[in-house]
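Here is the structure we will look at.
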There are 4 protein chains.
Amino acid sequence: MFNRKIDKKIPVVILGATGMVGQRFIELLQGHPWFEIVALAASERSAGKKYSQAVQWKMSTPLSLDISEMVLLPCDPNMPGRIAFSALDSDVAGDIEKKFANSGFIVVSNCRNHRMDADVPLLVPEINPTHLNLVRTQKYGNGMIVTNPNCVVIGLAMVLHPLAAMWGIETAHVTTMQAISGAGYPGVASLDIIDNIIPFIAAEEEKIELEPKKILGSFHKTHIEPYNIVISAQCNRVPVMDGHMACVSLKLKSKATHAQIVDCWNTFQGVPQTLKLPSAPQNPLVYMHEESHPQPKLHRMAEKGMSVSIGRLRACPALEWKFSLLSHNTIRGAAGGAILNAELIVAEGLV
Amino acid sequence: MFNRKIDKKIPVVILGATGMVGQRFIELLQGHPWFEIVALAASERSAGKKYSQAVQWKMSTPLSLDISEMVLLPCDPNMPGRIAFSALDSDVAGDIEKKFANSGFIVVSNCRNHRMDADVPLLVPEINPTHLNLVRTQKYGNGMIVTNPNCVVIGLAMVLHPLAAMWGIETAHVTTMQAISGAGYPGVASLDIIDNIIPFIAAEEEKIELEPKKILGSFHKTHIEPYNIVISAQCNRVPVMDGHMACVSLKLKSKATHAQIVDCWNTFQGVPQTLKLPSAPQNPLVYMHEESHPQPKLHRMAEKGMSVSIGRLRACPALEWKFSLLSHNTIRGAAGGAILNAELIVAEGLV
Amino acid sequence: MFNRKIDKKIPVVILGATGMVGQRFIELLQGHPWFEIVALAASERSAGKKYSQAVQWKMSTPLSLDISEMVLLPCDPNMPGRIAFSALDSDVAGDIEKKFANSGFIVVSNCRNHRMDADVPLLVPEINPTHLNLVRTQKYGNGMIVTNPNCVVIGLAMVLHPLAAMWGIETAHVTTMQAISGAGYPGVASLDIIDNIIPFIAAEEEKIELEPKKILGSFHKTHIEPYNIVISAQCNRVPVMDGHMACVSLKLKSKATHAQIVDCWNTFQGVPQTLKLPSAPQNPLVYMHEESHPQPKLHRMAEKGMSVSIGRLRACPALEWKFSLLSHNTIRGAAGGAILNAELIVAEGLV
Amino acid sequence: MFNRKIDKKIPVVILGATGMVGQRFIELLQGHPWFEIVALAASERSAGKKYSQAVQWKMSTPLSLDISEMVLLPCDPNMPGRIAFSALDSDVAGDIEKKFANSGFIVVSNCRNHRMDADVPLLVPEINPTHLNLVRTQKYGNGMIVTNPNCVVIGLAMVLHPLAAMWGIETAHVTTMQAISGAGYPGVASLDIIDNIIPFIAAEEEKIELEPKKILGSFHKTHIEPYNIVISAQCNRVPVMDGHMACVSLKLKSKATHAQIVDCWNTFQGVPQTLKLPSAPQNPLVYMHEESHPQPKLHRMAEKGMSVSIGRLRACPALEWKFSLLSHNTIRGAAGGAILNAELIVAEGLV
């Protein structure tokens, strides 16, 4: 267990503070034992306004008074803070994150821009904490950029990881049913999604087919050797508020039994669990034996939204095994995942 | 084209007239050029009541006055009529349908009970009209039993059929997102499905993995030789009123191009189209090029709910091809499919 | 009954053709016996594009090929056509409609801009056909501007009118539950309305409290004498696709019985019914005796969406009577209402 | 402030533990500082089963292990415990609650059966704590029966109470939009409520028009003198999971200003606040100035679901003032309200 001496909380800033993921960062960081929000930044349009005036707050926990009163800054690194959580739009995130890293910020990003850069860790602390060493190859001085994966990929990779470690995975086929919060705000029009399904999410299938290879890859001093796996994804938007479901079929590289796979998931523990990081769930993976579980409404908040729920493991006539999984897309799949990344960075002494 | 001389309409009865599929039968048969409803039957509990008093009418077209006033009969074959459309609960359908066939009724059933019987056609007129000859092996005298497949399977089999005929299909993987009307009334509780997904539908995956083999099979005088295909299904209930979506991945037995597959679907015509049967859609399969189509809300009513919509054909890294399909579960997938079966039976001179 | 000699259909254009109401106009005018769409106009941004490329078609009936191929024009009166149906945004509608009227178009508008102008009829053909005479006070030469009321007001005014005529109405209190299609597209964000209610619709309550006074008013050669009634409105947006519900309480000026009121509604017939105008419902008002009716999903399409459904009339301890009503907001409450207006204009010989 | 000496927690039982309100009781009592669940009771059908096997757990917080393992008892007072929280079906609640009271239990009931009994308090601790004295007129020895109002009425009465105290209320008109959780489980069928509104809830309007008169009434030694107010209610079921909204119009007995009314609500404090009872919200009434607030999704959980949110106060042309209010129907409006009642009973020394 890692005990951080709490002389003083680490000052953090949030870039893109008014969007859905930015709001989740604020919600999850309220009362955080290690981190303290010292600045909020947003687009030029919002900069200069009080946060409460610029935001359309959509979280169900109320906005605290001190955050309400903060004046939004432009996304310029000339601000206090040691860690910058980035929830920026991807059309501006690339450059802004580099500027903050160059100015000495530890940029912990939820954006896709730098995820596949050779020197940037695509970090899921339960899976690949060693990838954090990649930052030593970065050229940002005291600063660095660390990313977390796409909102579907985090849950998927967490479920695949212990199987890959134990038996190897040859092929995985993934059909997703994704919540509307994943599209931001205003995002999906109600006329488009009530009583409906949209069988397409722009650029999503590509990420799901690509990112897990890096995440599950092995670290070799200066680079990541990608994990050799074939992934096929079919993505759908469904009328669910939060929580991405995935139906997965896969073929392992060696033989496993049903009991072994379930056991492999249920006993899985990673570095965040060993270190008891503040945002780490006790059980990162939970297999549910009830045949109609997991369900978004009932299980997305498992362990405060940081645990991944799995169910319905059974033989797949087409590949080998099939099952369903659920993870919270804006907590474990975005803001919560990034905060856990930052906690690992602190525990590794990189701050 | 088949022109039925309209001396007189054929008298038909509906078994299980108060349920969701029973209601669809009534809606679709209003104004039918060949068939006329002469009796409605339901459970003992409802028998003796006026239809309008026994039913909770859920269709959006209003109930006609003459149907409203009909008195429900018990499910006893001692009633007028030549064709009996069956929308009974499967726990009673098996015996009742046999009794009606034995009494000389042509039983056109939507129930699962006799679907896999060796002498019962599992009929989709666009796919396997020759299977209708199986009824010559039945022992019901003037009567017979003909079934249509499960609500997901009809659309799926229609989409697979021309591919199987042209290139052969080795393997198909299907993930469904199924509408709540498929669960009957009252069916799915609102507390269970609003803002939610249920990743399980009892006994559904088994049917999807089994029924297409018979449907796509070949007729050999007295039996059906099943089509050799591996199918894997993962079924989900989603908050959509009508229209089952499926994400399909498959491996063909020989090589095809994207253009050839799309063309194969778009030019497909079956016997119902040639005969211009009253309920036959002009285009049973429609490939949509817009990448976010098909969608339940927009396309389930294509050609009055009798056409199957397909979209997003692309390479699948895990199998070979993947795409999405949509069909209306209580029209093409149930009552409308059964009515088309009855029309084929008439056109084949079996009435 | 009015029989229009059909030498030739009247050429009509649609202003604001890509929005939700514009789409309804196109849907409802397909196959119209009197009118033929000869041009579609939209904002500068869309002008020059094919309609199918500029529109996100949201109707459940498919777009016809000839409309798909039409090239959108800018909103300039230099185009063919005799009647211009206006579904423009209200921030531009005011001037554009005047220009079209000045150029000789009969502008039949769904927009709010000119509704309360002293010389513009706020027309509901079942209620105030004589108000059409107001156009004789307009200064547009061959052109004119005629408007229909707000989407809630049409149904409300239709239900109030026969009561006002028979007993007089002193006060009406209206709480609405309004469908999302009323907010246009993209309109209400799904994150804002799934599992939610928004107890506010901008500028809506003002219209509901004001417009009925003019509609129910009496025509005096050159002006409308408003009807003397107090109305209070409370408006809510609810997760319903189409169909505005209203809970109404009212106080009559003289005594009526329950049976008299129901009878007054059920026997009500207006000029459109007498003339059998093509879009006129046979029964503009239908009182339903089932205590859980009317419901948006079941009854919004009553008589193709042109009839208003009423239910649950009972004593109100606070005022005098209370009941629920339902009307289709984009058909009777918008495009369908405007088309009926145009039909009355034709029948009155004003084209 | 009332400080209970915590020698030992008070043993409580839950009657009707498997239903929606029963589940809320369990959820809210987990970790309660004063109360400890020692037994769960349910219908004969469930008695003898483990709770986890008998219940379909619908709360989003997971069921604790010790509750899961409890064996359900029949509803017989021969069980340990001092307080019995009743969430029974009203068709059995009447007799069972009397039996438990006769056996010495303090029955704190959410059921409607005894609410209007002359010797039973209809208790809302912020409004009428003195009504608790009515129990001295009961004939149950150490036992007693105390009830809380209907789920709509609690929020409504809390909002009316300070206005009634300050200015008096002559008339109130209430239109509700009620969540589906109010109908229990399975309750409302999804086919009935998705994309729909049901303008009727059985026996609901009667309670809303009646119960506030008793709640707001004054205690006179042995009876309650009802408050003289006219209430009219129109109830609707809407597709919202939790949280009942009401649009209220009212007429005060004397003049008030907008600022005075808002202030009257925002400064309101009752006995639970003074005593700082464990479940008491700091601010029982919160007026929100944002014109689109309150909304069920955003505000139902205000102060853990125990606070009532109000918004949009403005002049009503028909009565005098109108506004919207929101309260959580299964927390403040049911289980949470009952627990607060029990806390008051403890603080008053009646246990």
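Of the residues in segment C:326-344, none is in a helix (DSSP H, G or I), touching a strand residue (DSSP E or B) at 6+ places or on another chain (Cβ under 6 Å) and free of Cβ contacts under 8 Å to residues at least 60 places away in the same chain.
The sole residue among C:112, C:45 that is part of a loop (DSSP other than H, G, I, E, B) and farther than 19 Å from residue C:341 by Cβ is C:45. Of the candidates D:79, D:59, the single residue that is touching an Asp or Glu at 6+ places or on another chain (Cβ under 6 Å) and either in a loop (DSSP other than H, G, I, E, B) or crowded, with 18+ Cβ neighbours inside 10 Å (or both) is D:59.
A Cβ distance below 7 Å, combined with a sequence gap of six or more or placement on separate chains, defines the contacts here; from segment A:231-243, residues that are under 14 Å from residue D:297 (Cβ atoms) reach no residue that is modelled with pLDDT under 95. Within the set C:60, C:46, the sole residue that is farther than 30 Å from residue B:242 by Cβ and either of a type outside the set (Phe, Trp, Tyr) or in contact with a His (Cβ under 6 Å, 6 or more places away or on another chain) (or both) turns out to be C:46. Just wondering, is there one or more residues in segment B:18-29 that are over 20 Å from residue B:149 (Cα atoms), among the aromatic types (Phe, Trp, Tyr) and not in a loop (DSSP other than H, G, I, E, B)? No, segment B:18-29 contains no residue that is over 20 Å from residue B:149 (Cα atoms), among the aromatic types (Phe, Trp, Tyr) and not in a loop (DSSP other than H, G, I, E, B). For segment B:148-194, filtering for residues that are among the aromatic types (Phe, Trp, Tyr) and within 14 Å of chain D (Cβ to nearest Cβ) leaves 1. For segment B:182-192, a residue qualifies if it is in a helix (DSSP H, G or I) and within 28 Å of residue A:317 (Cβ to Cβ), and the qualifying residues are B:182, B:183.
Can you name the residue in segment C:193-204 that is in a loop (DSSP other than H, G, I, E, B) and not aliphatic (A, V, I, L, M) and, of all such residues, is surrounded by the fewest Cβ atoms within 10 Å (Cβ to Cβ)?
C:200
For first residues located in segment A:97-113 and closer than 18 Å to residue A:11 by Cβ, partners that are assigned to a helix (DSSP H, G or I) and acidic (Asp, Glu) and lie 6+ apart or on another chain with Cβ distances below 8 Å form the pairs A:107/A:97; A:109/A:97. Checked against (1) more than 30 Å from residue A:99 (Cα to Cα); (2) more than 14 Å from chain C (Cβ to nearest Cβ); (3) assigned to a helix (DSSP H, G or I), residue A:207 passes all but condition (1). Scanning segment B:165-181 for residues that are under 22 Å from residue A:178 (Cβ atoms) and either of a type in the set (D, E, K, R) or part of a helix (DSSP H, G or I) (or both) gives a single hit, B:180. Taken over segment D:220-232, the criterion of being more than 9 Å from chain C (Cβ to nearest Cβ) and within 20 Å of the chain's Cα centre (by Cα) is satisfied by D:224, D:226, D:227.
Here residue D:259 fulfils each of the conditions (1) closer than 30 Å to residue B:190 by Cβ; (2) small (Gly, Ala, Ser); (3) assigned to a helix (DSSP H, G or I) apart from (1).
Scanning segment B:24-31 for residues that are in contact with an Asp or Glu (Cβ under 9 Å, 6 or more places away or on another chain) and either modelled with pLDDT of 95 or more or under 20 Å from residue B:278 (Cβ atoms) (or both) turns up at least one hit. Number of residues in segment B:23-45 that are touching a Ser or Thr at 6+ places or on another chain (Cβ under 9 Å), buried (at least 20 other Cβ atoms within 10 Å of the Cβ) and more than 14 Å from chain C (Cβ to nearest Cβ) equals 5. When residue A:145 is tested against (1) buried (at least 24 other Cβ atoms within 10 Å of the Cβ); (2) free of Cβ contacts under 8 Å to residues at least 60 places away in the same chain; (3) away from chain C (no Cβ under 14 Å); (4) farther than 21 Å from residue A:15 by Cβ, just one condition goes unmet, and that condition is (4). Within this structure, residue D:215 fails the test of being hydrophobic (A, V, I, L, M, F, W, C), more than 19 Å from residue D:308 (Cα to Cα) and either in contact with a helix residue (DSSP H, G or I) (Cβ under 6 Å, 6 or more places away or on another chain) or within 14 Å of chain B (Cβ to nearest Cβ) (or both).
The requirement of being surrounded by fewer than 24 Cβ atoms within 10 Å (Cβ to Cβ) and of a type in the set (Val, Ile, Thr) is satisfied by residue D:274. Does residue A:310 meet the test of being more than 30 Å from residue B:252 (Cβ to Cβ) and in contact with a strand residue (DSSP E or B) (Cβ under 7 Å, 6 or more places away or on another chain)? Against the criterion (more than 30 Å from residue B:252 (Cβ to Cβ) and in contact with a strand residue (DSSP E or B) (Cβ under 7 Å, 6 or more places away or on another chain)), residue A:310 qualifies. When segment C:290-322 is limited to residues that are part of a strand (DSSP E or B), surrounded by 23 or more Cβ atoms within 10 Å (Cβ to Cβ) and among the hydrophobic types (A, V, I, L, M, F, W, C), the one that is nearest to the other protein chains (Cβ to nearest Cβ) turns out to be C:310. Restricting segment D:245-255 to residues that are facing another protein chain (nearest Cβ under 10 Å) and not polar (S, T, N, Q), the residue that is surrounded by the fewest Cβ atoms within 10 Å (Cβ to Cβ) is D:251.
Quick check on residue A:211: is it touching a residue at least 60 places away in the same chain (Cβ under 8 Å), among the acidic types (Asp, Glu) and surrounded by 19 or more Cβ atoms within 10 Å (Cβ to Cβ)?
When the stated conditions are applied, residue A:211 passes them.
Take the conditions away from every other protein chain (no Cβ under 14 Å), farther than 26 Å from residue C:316 by Cα, touching a strand residue (DSSP E or B) at 6+ places or on another chain (Cβ under 9 Å) and surrounded by fewer than 18 Cβ atoms within 10 Å (Cβ to Cβ) and apply them to residue D:258. Does it pass? Yes: the conditions hold for residue D:258. I'm trying to understand the selection: among the residues of segment B:169-191, which are surrounded by 23 or more Cβ atoms within 10 Å (Cβ to Cβ), closer than 25 Å to residue B:88 by Cβ and either at pLDDT below 95 or not hydrophobic (A, V, I, L, M, F, W, C) (or both)? Scanning segment B:169-191 gives B:176, B:178, B:181, B:182.
Regarding segment C:60-74, can at least one residue be identified that is of a type outside the set (A, V, I, L, M, F, W, C) and under 20 Å from residue C:107 (Cα atoms)? Yes; the residues of segment C:60-74 include at least one that is of a type outside the set (A, V, I, L, M, F, W, C) and under 20 Å from residue C:107 (Cα atoms).
The values are calculated or read from the model by the stated rules, or taken from the named source; none is laboratory data. Given the structure is predicted, the values throughout are model-derived calculations rather than measurements. Here Cβ is always computed from backbone atoms with ideal geometry, including for glycine, and neighbour counts include all displayed protein chains.
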